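Data block below; observations after.
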């Protein structure tokens, strides 16, 4: 079992004891690690900041083709509560979401 999985499990148990039943929060553990919770105290997803070079190769190719010359402000790996992994690339005020293999899924605007 990996360290972050153990840490998530321990954190989830501790938060479930501390938070009210219908509390929605974004909990920042570290500047590069964020947990999102449903209103019923269940972990929705975790988001870990990564280097741009750590994005899947297909995602990097997509960005260099469709957003040539646009600077990538940041990247993150998002793990949903059921284990699905997505990657996000931040461009200005828009997030581009990719699946685990790097296939483009959608854009999300702030």
Residues within segment 89-105 that are at pLDDT 95 or above, in a strand (DSSP E or B) and farther than 16 Å from residue 65 by Cα, tallied: 1
So, residue 69, is that one outside any strand (DSSP E or B) and over 15 Å from residue 46 (Cα atoms) or not? yes
What's the number of the condition residue 97 fails, among (1) more than 12 Å from the chain's Cα centre (by Cα); (2) surrounded by 14 or more Cβ atoms within 10 Å (Cβ to Cβ)? (1)
By residue number, the members of segment 49-59 that are under 14 Å from residue 105 (Cα atoms) and in a helix (DSSP H, G or I) are 58, 59
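The values are calculated or read from the model by the stated rules, or taken from the named source; none is laboratory data. Worth saying up front: this structure is predicted, and the values here are computed from it rather than measured. Positions of Cβ are generated from backbone atoms using ideal geometry, with glycine treated the same way; all protein chains shown enter the neighbour counts.
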